[in-house]
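So the structure is just underneath, and the comments pick up after that.
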2 protein chains.
Amino acid sequence: MPVLIGGQWRAAKNPAGTFSAVDPSSRAPLDDRYPVSGIEDVELACQAAQEAVATLRSLPKENVARFLDDYAARIESGADALVELAARETALPVSPRLRSVELPRTTNQLRQAAAAVRDRSWCRATIDSKAGIRSLHAPLGAAVVVFGPNNFPFAFNSVAGGDFVAAIAAGNPVIGKANTGHPGTSKLLAECALAAARAAGLPAAMVQLIYRTAPEVGFKLVSHPLVAATGFTGSKSAGLKLKEAAERAGKPIYLEMSSVNPLFLLPGALQERLPALAKELYDSCSLGAGQFCTRPGLTVLVADQRADAFLAAASTLFQEGAPGTLLGASGLEAIGTGIETLIANGAEIVTGGRPVDGPRYGFANTLLRVTGDKFLAQPQALQTEAFGSVNLVVLAKDVAQMLAIAAHLEGNLTGSVYSAMQGGGEDDEIYARLAPVLRQKVGRLLNDKMPTGVAVSPAMNHGGPYPATGHPGFTAVGVPASLIRFTALHCYDNVRAHRLPEELQNKNPTGKMWRLIDGEWSQRDLTPT
Amino acid sequence: MPVLIGGQWRAAKNPAGTFSAVDPSSRAPLDDRYPVSGIEDVELACQAAQEAVATLRSLPKENVARFLDDYAARIESGADALVELAARETALPVSPRLRSVELPRTTNQLRQAAAAVRDRSWCRATIDSKAGIRSLHAPLGAAVVVFGPNNFPFAFNSVAGGDFVAAIAAGNPVIGKANTGHPGTSKLLAECALAAARAAGLPAAMVQLIYRTAPEVGFKLVSHPLVAATGFTGSKSAGLKLKEAAERAGKPIYLEMSSVNPLFLLPGALQERLPALAKELYDSCSLGAGQFCTRPGLTVLVADQRADAFLAAASTLFQEGAPGTLLGASGLEAIGTGIETLIANGAEIVTGGRPVDGPRYGFANTLLRVTGDKFLAQPQALQTEAFGSVNLVVLAKDVAQMLAIAAHLEGNLTGSVYSAMQGGGEDDEIYARLAPVLRQKVGRLLNDKMPTGVAVSPAMNHGGPYPATGHPGFTAVGVPASLIRFTALHCYDNVRAHRLPEELQNKNPTGKMWRLIDGEWSQRDLTPT
């Protein structure tokens, strides 16, 4: 199949080979073959993006907004084909998952970004009228590379998902590196994107797509002089290598890599609603066969009779639940390896622990247990991510040990605390000691709620401390905050009024844009004194 | 002299040696000897900072504001001693520079930060009332390390300057690594800081100070598990090594490293006000003996008679101006090496080019010239920074070549364009082509103004693309924006109302804090519906 470079679907130049997607439900390779791009495709894409940057400067921002809206509409028009192919490449259920959840999430995200482009408040225009200094966040002036993960063929797709919309809405062209699990879905999306770019009068190289590269070519891509920044969602091992390559070249790279998303179930909560908690855990952990970045992988309890009862209830649910189909062979293998690491470091299987029989990629819902003592002896190894419907229950001998476990957590995307709803005196006291420790370890702190389900909200943080991501200050989900990652701060000092960008001129360009004028957020025009 | 660790002035543990500052006006070593700290001091400082973090959590933010205000007052009370010692260690003039410019800048910065702490708007509290999700920027939860540069003993000092106040105001304890050029000034400042921390009821380890380390110990410091982030201002060679060490450990590091701060003097401007421009250039370039990060080091003109006249006028000024005293031996050597590189790559000396006679560290004001052709043949080498009163004039053969030169610039802190004030038709046309190119290369774009003089303004960007800094999205100067570098984004999802931080509760904690509530910036309370 062709790559999309400079607005043309064309054969890869001197590809390093080809690959095909695999149907995870049968392990059968699908018919279409996709190229492994070499350095020539990378060079051509970077050059084309650079031309797009130059063209973009003189285009109205409305064109970008129109593109995002129209792209959403085209995804909806093409939903049948998209959902069908995505289901074949990923084995994710057509309904409700792909059609009713992920596709609307994707189009909603595109439309929120379109609204942000029109609103313009996202760029944080700041005016110091006395000093004659004005600044805003502006496009980076070169391509943004987006690596999409395997687990969301639409919502995190390299040419349609969160990083993509953030980079585009901030005004940058995107070079998408498809996830190799769903190249066909990525191609269908890129076709919609290209048509939308043409219709909106954007440069055709606004969206480009390659499918796969050798690792060295990937390192060259993220460190290329004509690439400004990279967004990556995927495995920690791949992410850390790209991080090193990008950072050595002085390029920002935003990574979302790994997270065990710890849950703390306090004694009062177990006392009050044990069966509901076991059900919530199972539902969240097994959602999408457990292949969510925010899937809860670690549950911490104080060891007592209630904990035993909880384990028993959860075990039944994990055992009785039908295992979902995994996205591919590497995920299946990684779950097995992850569980082996957990066991080698003292965890015991409560239920599950084996791949499912039959041709599909699947792994039994798996619950493990380990004592708090053992966890604290090997805290790092026992936070190994097993990216599937797998949960390790840590039985702390007391509240103090529960706190020590929290203190030994690595950086995570999320952390949840369940406490008694009614008169939970003891829980409240534990919460007051636990929350400050857990707070430092996670990007999003939840109460009485599972972490799966990442709302596209301006207040969302889908991010967190290293190694969950590469920087604790940014979110990958949420409009407009996620746009800021793909911008440069541009200051104008004593620049003549008519040469300022619209957003920094005295007149508010939309009449509604929020600007920080002399320390006050305001939608007003600036009246020169 | 002792280091300051955990609130105690005490001898360094197993130091790797000692050093003393040097009087740059005589090259004579000063009496006091300071330790080169080993890994034990680093470990103790990190541990002490961690205890400070825990204590800080339960303290009112007002204590931090009081500390900043009181520290400013103590600097003013101790101004005589501070200015005297700083002048001895740096040879910077007592007046106006140290006493009337830099010291007030420093105390102003501390007080602006105190106001930001009280105002709280800096943390960008964001509330999505429908989704039940709220977020803000919060302290990092571990120490921030600050490396201060040699050229601003007060305003960028590791225990008093811009990075310091940003990290402290954001709620983090600071481990200062003094610049080795002015250890005594740093010690005096740290004494004031410690007294202010005690008076404000802050943990004594809020401010710690070491003076020097071997490089490997510095790498361990920035990558230490108990260090959250680093701010560095200094040379590119040292900065890049620290960057690698910090980033390999997943730690953010904010670097301000190098910049030639290009000026573009358009033909109409030269026609209109040539003598004034030559004077402005000389004054800005020679300020502080040219040892400002924003010192203009590169001037681009179109070669014609006016350019020749400009060179002649500037040459007279550079030749007649008395060379300032440099900060130290390494700076003197670096200027010589830098100029050698420029000459080896085609530049010619117009005036200057040699160290001054006599015992002090000094280098003649130096003007060089090179053709646009030669510049474009070796654009990287001809952007070598010579950190002193040195300017390379590039004579472009025409406007097109001037634009090509702009396109070959590396990332810079600033870029200035001078154009005709009156009816500058040709200049306006050139500006329209030049500005978009230059814009991508600089953090701050100026019109008709020299880049030295970095206002502490909310709209300032003292930052820019790599290699001027390590990330194009952040400023090192300006309150409140510079605080964000030293924060983590903390999201609260479904967290019970009384457990939210004050800034995210329904009631506006100050009555005046700006918050982004459901897409609108507002100072109101949130009324639950």
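The values are calculated or read from the model by the stated rules, or taken from the named source; none is laboratory data. Note that the structure is a prediction, hence the values are computed from the model and not measured. Cβ sites come from the backbone with ideal geometry, for glycine too, and all protein chains shown count toward neighbours.
Quick check on B:F164: is it hydrophobic (A, V, I, L, M, F, W, C) and either part of a loop (DSSP other than H, G, I, E, B) or surrounded by fewer than 21 Cβ atoms within 10 Å (Cβ to Cβ) (or both)? Outline the logic, then answer.
Numbers: hydrophobic (A, V, I, L, M, F, W, C): yes; either part of a loop (DSSP other than H, G, I, E, B) or surrounded by fewer than 21 Cβ atoms within 10 Å (Cβ to Cβ) (or both): no.
Criteria not met by B:F164.
Let's see how each residue does on (1) of a type outside the set (G, A, S); (2) over 22 Å from B:A48 (Cβ atoms):
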residue	(1), (2)
B:T180	yes, yes
B:A229	no, no
B:S237	no, yes
B:E256	yes, yes
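This table checks each residue for (1) touching a strand residue (DSSP E or B) at 6+ places or on another chain (Cβ under 9 Å); (2) facing another protein chain (nearest Cβ under 7 Å); (3) without any contact (Cβ under 8 Å) to a residue 40 or more places away in the chain; (4) among the aliphatic types (A, V, I, L, M).
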| position | (1), (2), (3), (4) |
| --- | --- |
| A:A455 | yes, yes, yes, yes |
| A:A459 | yes, yes, yes, yes |
| A:P465 | yes, yes, no, no |
| A:G470 | yes, yes, no, no |
| A:T475 | yes, yes, yes, no |
| A:V479 | no, no, no, yes |
| A:R485 | yes, no, no, no |
| A:C491 | yes, yes, no, no |
| A:N494 | yes, yes, no, no |
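Restricting to the range B:382-409, what's the tally of residues that are within 25 Å of B:P323 (Cα to Cα) and under 25 Å from the mean Cα position of the chain (by Cα)?
Here the count works out to 11.
The rows are residues; the columns are (1) under 28 Å from the mean Cα position of the chain (by Cα); (2) touching a residue at least 24 places away in the same chain (Cβ under 8 Å); (3) under 19 Å from A:T384 (Cβ atoms).
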position: A:S259; (1), (2), (3): yes, yes, yes
position: A:A269; (1), (2), (3): no, yes, no
position: A:L287; (1), (2), (3): yes, yes, no
position: A:Q291; (1), (2), (3): yes, yes, yes
position: A:V300; (1), (2), (3): yes, yes, yes
position: A:E340; (1), (2), (3): yes, no, yes
position: A:A364; (1), (2), (3): yes, yes, yes
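(1) buried (at least 21 other Cβ atoms within 10 Å of the Cβ); (2) farther than 28 Å from A:L327 by Cα: which one isn't true of A:Q291, the others all being true?
Unmet condition: (2).
Looking only at residues in the range A:520-529 that are surrounded by fewer than 15 Cβ atoms within 10 Å (Cβ to Cβ) and modelled with pLDDT of 95 or more, which one is nearest to the other protein chains (Cβ to nearest Cβ)? Don't jump to the end; show me each part of the working.
Residues of the range A:520-529 surrounded by fewer than 15 Cβ atoms within 10 Å (Cβ to Cβ): A:520, A:524-525, A:527-529.
Now restrict to residues that are modelled with pLDDT of 95 or more: A:520, A:524-525.
Values: A:E520: 8, A:R524: 12, A:D525: 16 Å.
The extreme case among them is A:E520.
Test of understanding: among B:A21, B:A52, B:A48, which residue is touching a residue at least 40 places away in the same chain (Cβ under 8 Å) and in contact with a Ser or Thr (Cβ under 8 Å, 6 or more places away or on another chain)? Walk me through how you get there before you give the answer.
Numbers: B:A52 fails: in contact with a Ser or Thr (Cβ under 8 Å, 6 or more places away or on another chain); B:A48 fails: in contact with a Ser or Thr (Cβ under 8 Å, 6 or more places away or on another chain).
On inspection, the qualifying residue turns out to be B:A21.
Output the residue which, of all residues in the range A:496-519 that are buried (at least 20 other Cβ atoms within 10 Å of the Cβ) and in a helix (DSSP H, G or I), is farthest from the other protein chains (Cβ to nearest Cβ). Step through it out loud before you land on a result.
Narrowing the range A:496-519 to residues buried (at least 20 other Cβ atoms within 10 Å of the Cβ): A:503-504, A:508, A:514-517.
Subsequent filtering for residues that are in a helix (DSSP H, G or I) retains A:503-504.
On the way: A:E503: 12, A:L504: 9 Å.
Filtering the range A:496-519 for residues that are buried (at least 20 other Cβ atoms within 10 Å of the Cβ) and in a helix (DSSP H, G or I), the one farthest from the other protein chains (Cβ to nearest Cβ) comes out as A:E503.
Taking helices (runs of 4 or more DSSP H) that do not extend beyond the range B:284-384, which have at least 2 residues that are closer than 22 Å to B:A91 by Cβ?
On the way: elements: B:305-320, B:329-344, B:372-377.
Counting at least 2 such residues, we get B:305-320, B:329-344.
Would you mind stating whether B:R66 is basic (K, R) and in contact (Cβ under 8 Å) with a residue 24 or more places away in the chain? Working first, answer last.
On the way: basic (K, R): yes; in contact (Cβ under 8 Å) with a residue 24 or more places away in the chain: yes.
Taking the combined requirement at face value, the residue satisfies it.
Given the conditions (1) surrounded by 18 or more Cβ atoms within 10 Å (Cβ to Cβ); (2) more than 25 Å from the chain's Cα centre (by Cα); (3) hydrophobic (A, V, I, L, M, F, W, C), which single one is not true for B:L327?
B:L327 satisfies all of (1) surrounded by 18 or more Cβ atoms within 10 Å (Cβ to Cβ); (2) more than 25 Å from the chain's Cα centre (by Cα); (3) hydrophobic (A, V, I, L, M, F, W, C) except (2).
Might you let me know whether the range A:409-426 holds any residue that is closer than 15 Å to A:L266 by Cβ, within 10 Å of chain B (Cβ to nearest Cβ), surrounded by fewer than 18 Cβ atoms within 10 Å (Cβ to Cβ) and at pLDDT below 95?
Yes.
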